[in-house]
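Asker: Questions regarding the structure given below will be posed in turn.
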Amino acid sequence: MIEDIKKRALHRTKIIEGQLRGIEKMIENEDYCVDIITLSLAVQKSLGSLNKLLVENHLRTHVTEMYEAGGDQREAAVAELIRIFELSNNRG
């Protein structure tokens, strides 16, 4: 993994972890539903940012190597990218 991306991804996971703990406390305290939903949506946005970092790393490392190898490796790289694209579109 590219060191800078790894550092940023780990930082993002710590933020998400804190946000999830916050949601748990809000539910336990029976906080206002809209406030809980607002934080839940922030978690989803944070997960999107994490996914973007992970895709960037994959493109800059594994996909690049697979594409340069050609043949079946190149086809596997394309198939992986299509699968990621499909997963992201099905998550709405």
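Asker: Can you go through Val63, Val78 and tell me which one is surrounded by 12 or more Cβ atoms within 10 Å (Cβ to Cβ) and closer than 19 Å to Lys6 by Cα? Break it down stepwise before answering.
Answerer: Numbers: Val78 fails: closer than 19 Å to Lys6 by Cα.
Every option except Val63 fails the conditions.
Asker: Quick one: which of Gly70, Gly22 is of a type outside the set (A, V, I, L, M), surrounded by 11 or more Cβ atoms within 10 Å (Cβ to Cβ) and more than 24 Å from Asp4 (Cβ to Cβ)?
Answerer: Within the list Gly70, Gly22, the selection yields Gly22.
Asker: Those residues that are open to solvent by 100 Å² or more (accessible area, probe 1.4 Å) and either over 25 Å from Gly18 (Cβ atoms) or in contact with a Phe, Trp or Tyr (Cβ under 9 Å, 6 or more places away or on another chain) (or both), I need them from the range 44-60; list them, please. Lay out the reasoning, then the answer.
Answerer: We begin by selecting, within the range 44-60, every residue open to solvent by 100 Å² or more (accessible area, probe 1.4 Å); these are 44-45, 52, 60.
Within the range 44-60, just Arg60 meets the criteria.
The values are calculated or read from the model by the stated rules, or taken from the named source; none is laboratory data. All values reported here derive from a predicted model rather than from experimental measurement. Ideal geometry is used to build each Cβ from the backbone, glycine not excepted, and the neighbour counts take in all protein chains shown. Each accessible area value is taken on the protein alone, full model and side chains, heavy atoms only, with ligands, DNA and RNA left out. Shrake-Rupley method; radii C 1.70, N 1.55, O 1.52, S 1.80 Å.
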